[in-house]
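Below: the structure, in C-alpha cells.
The values are calculated or read from the model by the stated rules, or taken from the named source; none is laboratory data. Small disclaimer: the values here were computed from a predicted structure and weren't measured. All Cβ positions, glycine included, derive from the backbone under ideal geometry; neighbour counts span all protein chains shown. The accessibility values were calculated without ligands, DNA or RNA, using every heavy atom of the protein model including side chains. Shrake-Rupley method; radii C 1.70, N 1.55, O 1.52, S 1.80 Å.
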Amino acid sequence: MLVQTVQGCLNDAKAEDIVCIDLNGKTALADTMIIATGRSNTHVGAMAERLIKALKELGVAAPRVEGLANCDWVLVDAGDAVVHLFRPEVRQFYNLEKMWGRDRPSERQAG
C-alpha cells in the first residue's frame, strides 16, 4: 500500500522517470527505494510537499525529510520506502539506479 501511494502521488504531481528499486537482501534501510525527477527546484519541492501530505494521510506519522530547503535533491524516508526526488542534472550526477540496481551485492555476501 505504501509504494502504491507514493507512486500514485508522484504520478499525480507529474514526476518524471519514476523508478522503483527492490532493496530486499541489499540493505536493512528500507524495502523499496523510489526515485523520481522534477523539472525544477519548485517542482521537486511541490512533489515533496504533496508526498509528505499523502504519507501523513496514510498514517506515516512523521516521515523524515531532508533537502527541502534547496530542493535539488529531497529525501523522504517513509520507513519501508525511501523516496529520492531530484532535479534532472542532480539525478544524473548521483546515478542511484546504478548504485542500488541489480548488480549490487547483498549485505550478506559482502560481510
| query | So how tilted is helix 2-12 from the main axis of the chain? Cα-based, degrees 0 to 90, rounded to 10. | reply | 40
| request: Using DSSP, restrict attention to beta bridges with both residues in the chain and report what percent are antiparallel, rounded to the nearest 5. | output: 70
| remark: Taking the chain, the lysine pairs whose C-alpha atoms sit under 24 Å apart (8 or more places apart or on different chains) add up to 4
| How big, in percent, is the set of alpha carbon pairs in the range 39-88 lying more than 13 Å apart? | 49
| For the chain, with only Lys/Arg (+1) and Asp/Glu (-1) charged at the beta-carbon, what is the dipole magnitude about the Cα centre, in debye rounded to 20? | 60
| remark: P(r) over all Cα-Cα pairs of the chain, 10 Å bins from 0 to the longest distance, whole percent per bin, short to long, reads 15, 49, 30, 7, 0
| Label-point separation in nm, Asn11 to Glu57, each point 7 Å along Cα→Cβ | 1.5
| remark: Largest-first ranking of Arg50, Arg91, Arg64 by accessible area, probe 1.4 Å, whole protein assembly kept, is Arg64, Arg50, Arg91
| Glu89 to Leu75: extension gain in nm, 0.36 nm per residue of separation minus the Cα-Cα distance? | 3.4 nm
| query | What angle do you read, to the nearest 10 degrees and between 0 and 90, between the alpha-carbon axis of helix 41-58 and the longest principal axis of the chain? | reply | 80
| note | If one builds a Gaussian network model of the chain from Cα atoms under 10 Å apart, the most fluctuating residue listed among Glu66, Glu57, Glu97 is Glu57
